[in-house]
Amino acid sequence: MGLTPANKSSGGKEKLGRITKMGDQYIRQLLVVGMKSLVRQTRSHPERASKWLTFLLERKPARVATVAMANKTARIVWAVLKRNTPYNPYMA
């Protein structure tokens, strides 16, 4: 999907770079735009938002949080498609 940071590790030191932008550009764009609206909604109504996103927005800039949430959503979508089961937010 291109939503993960490039890994530039060497000699035991882990360095993560910019997001790779590999994969389908249209799907990546849709995920990021959708998460932008979620971040905007979280700022205006923090009581309705997920605690994970609220804490992430306290620590990181909005754009970083947007891509992190898009990455998380892409992983959830992949898992749902792979398992061929309905989405369950409480499943570990």
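Computed from the coordinates by the stated procedures, all read-outs in this text should not be read as laboratory data. Please read all numbers here as calculations on a predicted model, not as lab measurements. Glycine also receives a Cβ, built like all others from the backbone with ideal geometry; neighbour counts cover every protein chain displayed.
Based on the Cα coordinates of the stretch 35-92, what is the per residue volume of their convex hull in Å³? Walk me through the numbers on the way to the answer.
Values: hull volume 5.1 nm³, N = 58.
Enclosed volume per residue, from the Cα hull, is 89 Å³.
A Förster distance of 25 Å, applied to the separation of the beta-carbon atoms of Lys51 and Ile76, puts the FRET efficiency at 0.90.
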